[in-house]
Amino acid sequence: MGQEPRSLQSPNGLAWDDGPMGRAVRNFDWSRTPLGPIEGWSTSLLTAVRILLGQKHAACMFWGPELTMLYNDAYAPALGKKECRALGQPFRRIWADVWNDVQPLVNQALSGKGTYNEEMRLVMTRNGFDEETFWTFSHSPLFDDDGSIAGLINITVDVTEVVQARRNQQIMQQELLHRIKNILSVTSTVVSASLRNADSIQEARDTVGARIMALARAQGLFTGLGDSAFITDVVSRSLGAHLDGSDRIRLDGPPLRLSSQQAVGLSLALYELATNAAKYGALSVPEGAVDLTWSVAGDDFALDWVETGGAPVHPPAREGFGSKLVNMIVPAYFEGEGEAVFDPAGLHYRLRGRLSA
């Protein structure tokens, strides 16, 4: 085995790593720092630097009265845009943005006691803007030749992506739980009201089953946990059985996204209107038709369901759940008002409200 090239050795013969930071440390003018020229460094300092540069984990060290900074190749990305001026700088200057957070840990290490922190939150300005980051790291004291504490070494792992991924997962779980609670609440209302207003067990069974299926179709728009749906998709899901291409239901309105809750509410209203039209109104006879129109002005939303060509319309003898649904429950989703007008020529349902943000 031949002797290591002189260029890869320190002045006292200790070998240096030949990576980018190894070369940067050798070529740096240390005489401008409290550490002094590299030729005068102690064996302990040279050894610590050699260990630092050979470390594959991100690591940095701070030595001397101003805690002058050195770091390895793996640590460079952690510095962001500060990296171009970090070598040889005092700890307190280069990490001024997080100094108040880490100073107690630094003092502890300089007292001879190592520290260890998991997922510590640090708001850094390493790239010119505030950036929330999370780090798992340790601080350990470094000793000089005479046994005195001369600095500390920091082994660190950037766990920001891990923490953010866990946050996102928690948000999705909370959203899923919220969706489930909403579904159960609406389902409970549909079932109890349908049973209460039914004249027979068979009617209750048919009504409950049909309304729950309409709710399921509406919720099917959001299986990917999206937060909105196109109104045309809502209409298609709600009125699919009646949109047979014969223009029995004519649609007119601009492209529009509805929030998930407003889409579910509107879907239930449209299903209820279509069911009543098929039983008693315009869709109960071949000549009948429905014009479904909607418009938007800023955040204001307007929707009209107008039936024509059907049998003469008469107001119901009593207000059932369907009427409450379209006149009270659904408008609440839009922070607005709903009204069913029983014109003899055909039912006209108006919904006025505001779109969710």
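The values are calculated or read from the model by the stated rules, or taken from the named source; none is laboratory data. Because the structure is predicted, anything quoted here is derived from the model rather than measured. Positions of Cβ are backbone-derived with ideal geometry, glycine not excepted, and every protein chain shown enters the neighbour counts. Side chains included, ligands, DNA and RNA excluded: accessible areas come from the protein's heavy atoms. Shrake-Rupley method; radii C 1.70, N 1.55, O 1.52, S 1.80 Å.
Numbers at a glance
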{"quantity": "Accessible area of the range 234-318 belonging to carbon and sulfur atoms, whole % at 1.4 Å probe", "calculated": "53 percent"}
{"quantity": "Sites ARG32 and HIS57, calculated FRET efficiency, Cβ-Cβ separation with R0 41 Å, nearest 0.05", "calculated": "0.90"}
{"quantity": "Spin-label pair ARG354/ILE149, simplified geometry with 7 Å Cα→Cβ offset, distance in nm", "calculated": "5.9 nm"}
{"quantity": "Alpha-carbon centroid distance for the pair the range 101-169 / the range 321-357, whole angstrom", "calculated": "59 Å"}
{"quantity": "Heavy-atom accessible surface of the range 91-137: percent carbon and sulfur, 1.4 Å", "calculated": "44 percent"}
{"quantity": "Residue-span extension gain [ALA165 to ASP199] - 0.36 nm each, minus C-alpha spacing", "calculated": "7.0 nm"}
{"quantity": "Trypsin sites (Lys or Arg not before Pro) within the range 58-136, DSSP loop, no more than 13 other Cβ atoms inside 10 Å", "calculated": "LYS113"}
{"quantity": "Nearby lysines by direct alpha-carbon distance to LYS279 (threshold 28 angstrom, same-chain neighbours under 8 apart not counted)", "calculated": "LYS324"}
{"quantity": "Those lysines that a straight Cα-Cα span of less than 25 Å connects to LYS113, excepting residues fewer than 8 apart in one chain", "calculated": "LYS56"}
